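The values are calculated or read from the model by the stated rules, or taken from the named source; none is laboratory data. This structure is a prediction, so every number in the text was calculated from the model and none was measured. Glycine also receives a Cβ, built like all others from the backbone with ideal geometry; neighbour counts cover every protein chain displayed.
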Amino acid sequence: MAGSILSVRALNAHYGRAHILHDVEIDLDEGEVVALLGRNGAGKSTLMKSVMGLLARRQGFVGFCGRDLGSLRPYEISRLGLAYVPEDRRIFSGLTVMENLEVGRRVAKSTANPWTLKRLFALFPNLDERRHVDGGRLSGGEQQMLTVARALMGNPRAILLDEPSEGLAPIIVEQMAHAVKALKAEGLAVLLSEQNLYFAHEVGDRAYVVDRGRIRYEGRLDAIMANEDIRRAHLAV
């Protein structure tokens, strides 16, 4: 690993009067895939939104590429090279696949193998076949691929994926797993939130187990898979 690209320290976040995150601390290294594991409502999505500056009430330190993100707006954080793929996808349903991708285009700050349409269509062949179809007419799996591809058009250094396998057919889940592995091979840092332990284990290096807004365990995914007590206490539905 080349060193930490994303660091979170003593992060607290609130929705109204509800205190959701409690002194959360995580790290993401360059070229690493890290999973946030936990049940629905554990605080995984809130953590990602807090990192991206999407919550008004948050305290603590979030650093990316040596920059303190605390005072930055979401679009400024994105311009630093941190991409975010939300759980609800938010594609433009009235725009074609090609038009959705163009919305996300940003010139790469480095000439080192920037993402192009050719490379994205090689990663997601389904999108190549549907490039002139409106986003609203795509399947759920194709829409998920499109949101990831649109984020990559910004040539980020790290990407946050919120529940990338949720609600997808098994064959699409496998395609998403292949895509995450390909991103890692490119040197991209990936932080993903997941309820699917098996998907996370297939693609990830480490994981943080989140429960009721707190980090309950951190370690290699192999160790979490082998620890029945952790799985029963914090991950079982």
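What to note about this one:
- Selection count, segment 185-204, where residues are surrounded by fewer than 17 Cβ atoms within 10 Å (Cβ to Cβ) and in contact (Cβ under 8 Å) with a residue 40 or more places away in the chain: 2
- Looking only at segment 7-44, residues that are within 15 Å of R214 (Cβ to Cβ) and not aliphatic (A, V, I, L, M) come to 12 in all.
- Which listed residue is under 20 Å from G167 (Cα atoms), of a type outside the set (A, V, I, L, M) and either modelled with pLDDT under 95 or surrounded by fewer than 21 Cβ atoms within 10 Å (Cβ to Cβ) (or both), from G70, G94, G41: G41
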